[in-house]
Amino acid sequence: MKKYKDIFGNEITDEWHLDMLQRLDQLKKRNKGLKDWSEIDNKELEDIAQEIRIHWDNLKIQLDKIPISEQIRRMKINFAKMRPRLFETSTSKRLRSIGKGIS
């Protein structure tokens with residue numbers, strides 16, 4: 001099984017997300033180099049997109065049920081966990097990467 005990483009470099013372990021990524025990879029491989037996708041592949045892509053919309057709508061409903069004070073507490077905890085990784089690279093590396101983005 002191929003391993004996928006998020007934007008922070010952490011391995012994705014959630015089964016639902018892994019399934020979506022694998023299905024998208026399969027679509028990409030089947031249609032590599034083709035100008036137009038087949039009707040079946042277009043339908044599968046629409047199905048994947050619909051599943052993702054439903055998943056995010058369900059997550060939003062669950063999030064809306066959590067009191068605001070609890071949401072803020074969880075966000076602070078998550079930010080505290082994530083914060084050290086934001087500054088792992090040296091200052092010169094960050095400045096070079098910012099410079100590349102500007103030019």
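Bear in mind that the values in this text are calculations on the coordinates, not laboratory data. Computed from a prediction, not measured in an experiment: that's the story for all the values here. Neighbour counts are summed over all protein chains in view; Cβ atoms, including those assigned to glycine, are modelled from backbone coordinates with ideal geometry.
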(message) What does the extension gain come out to for LYS60 and ALA80, with contour length at 0.36 nm per residue minus their alpha carbon separation?
(response) 4.9 nm
(message) How much length would be gained if the chain were fully extended between LEU21 and ASP41, taking 0.36 nm per residue of separation minus their Cα-Cα distance, in nm to one decimal?
(response) 5.7 nm
(request) Please give, to one decimal in nm, the separation of the simple spin-label points placed at TYR4 and ASN31, each 7 Å out from Cα toward the Cβ. (result) 1.6 nm
